[in-house]
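Trainee: Quick one: the structure is below, questions incoming.
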Amino acid sequence: MMSMLVVAAIVAAVALGYKTKINIGLFAIAFAYLIGCFGMGLSPSEIIGMWPLKIFFVIFSVCLFYSFATVNGTLEKLAEHLIYRCRAMPQLLPFAVFFAATLIAAMGAGYYTVLAFMAPITLLLCERTGMSLIVGGMAVNYGALSGANFMSSQSGIIFRGLMTNAGISDNQAFINAAGIFASTLIIPLLVISAFVFLAGHGRALKASAFNATAPEPLNAQQKTTLWLTLAMMAIVLAAPVASIVLPDNATVSFINAKMDIGLIASIFSVIALLLKLGDERKAMATVPWGTLIMICGVGMLISVAIKAGTIAILASWIGSSIPPILVPVVFGVVAAFMSIFSSTLGVVTPALFPLVMPIAQSMGIEPMILFIAIVAGAQATSISPFSSGGSLILGSCSNDKSRGSLFPQLLFKAAPIGFVAALGFNLVLTFVL
């Protein structure tokens, strides 16, 4: 009975957030308190203790440091330079957009930030070059998603935190996150390649001619920011990679044990401030507070669900009702439908990741497959106009005519194609791993 109540609370929090446009995390906190304290007899201190402090600190610290590159224009300037380099080969423009979005997001800008400044650039390029709106929209959307999934970027850090909360070691969480990043890089590349080389979009682009104005070079402040960002990424990635390559080396194990991306990012934020790379108040305002509240609030409600035994019941039901070979596909389908109306980071992964280990252990499935299936499925439908990514792309259209043309393409073409590609990939992955 209590498990059903918690499931109903999760659904209600998502529905209320979607309907009222109030942060889902706030509803989740309220439900966690009411159900936990008055339904399950937990103390208020226990409920407050369910706030995922480590995830909160890591996301805050990393986003604060990366926000300097956004505030001083480094990332936007970098995107302009990357796209300008492709002017001599217009048929490769969709790939240039995709990799530019991937690189900028991987450097810490995050999914929404990249879409906010790259979607208008991409749609303008579509008008000037004849690039299909759907190809441009998919390139910038899935590129931003893929880059954000990089192990040291915003989404990748969240995935790693959720995995460690589910009982996975830091090294294995890093490997799983690398698998998610690689998968979400491969899937859209295959889809975009099919559009460009098989559906005739490449020929149309090759026949077009467009004038690209050379962007201004990076100034001294932006160059320093770029080098500082690359230095932090190198430090953050070097330790876990060295630990995986040299698992028995005592020195490497000691250094890796002392590494924490949140604390490292805090040091780099201080360095950025001392070097005057950006205004502190503007950088602080750029931190995605809404996303933080949503992730942590839903995390509290999921913790209540774990305490009530809901996760164990769901895992048991899936384990007894679905053949092992179809489990990744089912996870992908559920994640995709959840993602149409809710956030992958704030709702889908916090709700589904805790199910992975019990199911993987009981059915003999490699956990990485299920983690990839969830993220790939959820992000496949993020281009739906009802989802945050699709709505941002629509909002970037320069006129109502383009917006009216793009809406059905995103809903009836881009989202279904992404969905089918993700499910096919999940099925292939089941046989490979």
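The values are calculated or read from the model by the stated rules, or taken from the named source; none is laboratory data. Everything numeric in this text was worked out from a predicted model, so none of it was measured. All Cβ positions, even for glycine, are placed from backbone atoms using ideal geometry, and neighbour counts span all protein chains on display. Note: accessible area is taken over every heavy atom of the protein model, side chains too, but ligands, DNA and RNA are not part of it. Shrake-Rupley method; radii C 1.70, N 1.55, O 1.52, S 1.80 Å.
Trainee: Anyone know which of 11, 135, 236 comes out most mobile in the 10 Å Cα GNM of the chain?
Mentor: Comparing 11, 135, 236 in the GNM, the peak value goes to 11.
Trainee: In whole Å, what are the Cα extents of region 244-297 along the three principal axes, biggest one first?
Mentor: Here the spans come out as 44, 35, 15 Å, largest first.
Trainee: If you don't mind, there's one more thing I want to ask. Please report Rg over Rh for region 141-298, where both radii come from the alpha carbon positions and Rh follows the Kirkwood definition.
Mentor: Details: Rg = 19.8 Å, Rh = 18.9 Å.
Result for region 141-298 is an Rg/Rh of 1.05.
Trainee: For region 98-179, what is the per residue volume of the convex hull drawn over the alpha-carbon atoms, in cubic angstrom?
Mentor: Hull volume over Cα atoms, normalised by residue count, gives 75 Å³.
Trainee: Also, quick follow-up: Given the options 213, 306, 164, identify the residue whose Cα lies farthest towards the positive end of the charge dipole of the chain (+1 on Cβ of Lys, Arg; -1 on Cβ of Asp, Glu).
Mentor: About the Cα centre, the residue reaching furthest to the positive side is 213.
Trainee: For the chain, what is the Kirkwood estimate of the hydrodynamic radius, computed as the reciprocal of the mean inverse distance between distinct Cα atoms, to one decimal in Å?
Mentor: When all Cα pairs of the chain are included, the Kirkwood radius is 22.3 Å.
Trainee: Hey, any idea what % of the chain's accessible area is carbon plus sulfur with a 1.4 Å probe? Please list the in-between numbers first.
Mentor: On the way: 12760 of 18300 Å².
About 70 percent, which is the carbon plus sulfur part of the accessible surface.
Trainee: Can you tell me, using C-alpha contacts under 8 Å and at least 6 residues apart, the relative contact order of region 192-331 as a whole percent?
Mentor: Values: 36 pairs, mean separation 19.9, N = 140.
With pairs under 8 Å counted, the relative contact order is 14 percent.
Trainee: Oh, and also: Compute the relative contact order of region 325-433 as a whole-number percentage, counting only Cα pairs closer than 8 Å that sit 6 or more residues apart in sequence.
Mentor: Relative CO of region 325-433 lands at 36 percent.
Trainee: So, for the chain, what is the accessible surface per residue at a probe of 1.4 Å, expressed in square angstrom?
Mentor: So the chain comes to 42 Å² accessible per residue, rounded to a whole number.
Trainee: Based on Cα positions only, what radius of gyration and what Dmax would you give for region 66-144, in angstroms?
Mentor: 11.5, 34
Trainee: Compute, for the chain, the length of the dipole vector about the Cα centre, with Cβ point charges of +1 (Lys, Arg) and -1 (Asp, Glu) only. Units Debye, rounded to 20.
Mentor: For the chain, the charge dipole is close to 740 debye.
Trainee: Could you work out which residue, out of 271, 261, 104, moves most in a Gaussian network model of the chain, that is, has the largest mean-square fluctuation with Cα springs under 10 Å?
Mentor: 271
Trainee: Additional query: Just grab the label-to-label distance for residue 21 and residue 271, each label 7 Å out from Cα along the Cβ direction, in nm (one decimal).
Mentor: Reported label-point gap for residue 21 and residue 271 is 4.1 nm.
Trainee: Please identify the helices of the chain, taking whole runs of DSSP H, that span at least 27 Å along their own axis as judged from the Cα atoms and have a mean Kyte-Doolittle score of 0.0 or higher.
Mentor: Helix filter hits for the chain: 170-193, 220-245, 289-308.
Trainee: Under 8 Å for C-alpha pairs, at least 6 residues apart: give me the relative contact order for the chain, rounded to a whole percent.
Mentor: Taking the mean separation of contacting Cα pairs over the length of the chain, I get 23 percent.
Trainee: Right, another one. Along the positive direction of the dipole of the chain (beta-carbon charges: Lys, Arg +1; Asp, Glu -1; about the Cα centre), which of 432, 349, 384 reaches farthest?
Mentor: Checking the options against the dipole of the chain, the answer is 384.
Trainee: Something else now. Using the charge dipole of the chain (Lys, Arg: +1 at Cβ; Asp, Glu: -1 at Cβ; taken about the Cα centre), state which of 231, 294, 145 has its Cα farthest towards the positive end.
Mentor: 145
Trainee: Compute the orientation-averaged projected area for region 270-373 from the convex hull of its Cα atoms and round it to one decimal in nm².
Mentor: Averaged projected area of region 270-373's Cα convex hull equals 8.9 nm².
Trainee: Which residue, 234, 305, 265, has the most motion in a Gaussian network model of the chain that connects Cα atoms within less than 10 Å?
Mentor: Per the Cα network of the chain with a 10 Å cutoff, 234 tops the list.
Trainee: Let's see if you can work this out: charge +1 on each Lys and Arg Cβ, -1 on each Asp and Glu Cβ, no other charges. What is the dipole magnitude of region 16-166 about its Cα centre, in debye to the nearest 20? Provide the component values of the computation, followed by the final result.
Mentor: Details: 8 positive and 4 negative charges, 27 e Å.
Roughly 120 debye for region 16-166.
Trainee: So, one more: In Å³ and rounded to a whole number, note down the convex hull volume per residue for the Cα atoms of region 367-433.
Mentor: It comes to 68 Å³ per residue, whole-number rounded.
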